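Here the structure is laid out as structure tokens; the discussion comes afterwards.
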Amino acid sequence: MRAKEFVKSYLSSWNHLDAGEVAEHLSSTGVYCDVANNTQFSHDHLETTLQAYFALHRHRYELVGDILADGETIAFRYRMFPLLKAERSEGAESEEILGAEFITLKGNSAVSIHDFYQDAASAAQPTITDQALAQHSARAKYAKSGLTEAQLDAYKEALTRVMEIDQAYLRSNLTLPELAGLVGCSVNHLSQVINAGFDSSFFDYVNRHRIEHAKALISGAGRGGAVINHAFEAGFNSNSAFYTAFKKFTGQTPAQFRKCGIAAAAAMD
């Protein structure tokens, strides 16, 4: 079953308040994950839960935007809103819930469904659905280059270890090929991991770690002297690069950051 057909059938089942039909989209050994509530349901448990839910609630589910599909993976946004006035807050014509679902198919059934959602009122800033869809798009793009989901996760874990434990970012002349060698993957794959796994470029990814290290040095008890000394300790090899990156990732200059830290410490005394 193609992605559009699956999603159309799936949302139709929700709109018909048919717990059995919704659950039938999940394989007998599949798992439905309600990410917002950190709960999981098997096929049978999902049907039982939805029967109780539909007995109390009436909602309309609508597709928002395009359906993303890559291989056996489907991602889409949706919105839901109560149909009954009794389920709306006083004075509210419509209380939308915004969500995104990520579905992995095997044949015509889903082996996993991950459901992210939140109320529209809290969605003024980029939401988890936006972030998750962007990450899915990046992963789908790089899957075509031969980097599997499992490889991406493995390289991502190795990269995190190299950066956070081994502190590779302290090497002022660190290059993408050098970092790839430390991680144990090709330069192309490392670039893909940084882009898809961390939604960042190589330079921003490395500099973000350096700035966090520099912030710790600046905030450290008894640390004094020129801020630029901390920049070199954190892996930067130029004053301008440090100040540009610091302002980009903190919204402050190093001097402003230090002043705020001193003021906060004084207020606690």
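The values are calculated or read from the model by the stated rules, or taken from the named source; none is laboratory data. Please read all numbers here as calculations on a predicted model, not as lab measurements. Cβ placement follows ideal geometry from the backbone for every residue including glycine, while neighbour counts extend to all protein chains displayed. The area values use the complete protein model at the heavy-atom level, side chains included, leaving out ligands, DNA and RNA. Shrake-Rupley method; radii C 1.70, N 1.55, O 1.52, S 1.80 Å.
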query: Failed condition for LEU217, given (1) in contact with an Asp or Glu (Cβ under 7 Å, 6 or more places away or on another chain); (2) open to solvent by 50 Å² or more (accessible area, probe 1.4 Å), with all others met?
result: (2)
field: Of residues in region 94-134 being over 20 Å from ASP66 (Cα atoms) and part of a helix (DSSP H, G or I), the one modelled with the lowest pLDDT
entry: SER122
- line: Exception for LEU17 within (1) open to solvent by 20 Å² or more (accessible area, probe 1.4 Å); (2) under 27 Å from the mean Cα position of the chain (by Cα); (3) among the aliphatic types (A, V, I, L, M); (4) modelled with pLDDT of 90 or more falls at (2)
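Matching residues to (1) closer than 27 Å to ASN239 by Cβ; (2) touching a Cys at 6+ places or on another chain (Cβ under 9 Å); (3) open to solvent by less than 40 Å² (accessible area, probe 1.4 Å); (4) in contact (Cβ under 8 Å) with a residue 12 or more places away in the chain:
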| position | (1), (2), (3), (4) |
| --- | --- |
| ALA158 | no, yes, yes, yes |
| ASP166 | yes, no, no, yes |
| LEU170 | yes, no, no, yes |
| THR175 | yes, no, no, no |
| GLY181 | no, no, no, no |
| ASN188 | no, no, no, yes |
| SER191 | no, no, no, yes |
| PHE202 | yes, no, yes, yes |
| VAL206 | yes, no, yes, yes |
- prompt: What are the pairs, 6+ residues apart or on separate chains, where a residue within region 229-240 that is under 9 Å from LEU217 (Cβ atoms) has its Cβ under 7 Å from a residue that is in a loop (DSSP other than H, G, I, E, B) and not charged (D, E, K, R)?
  reply: none
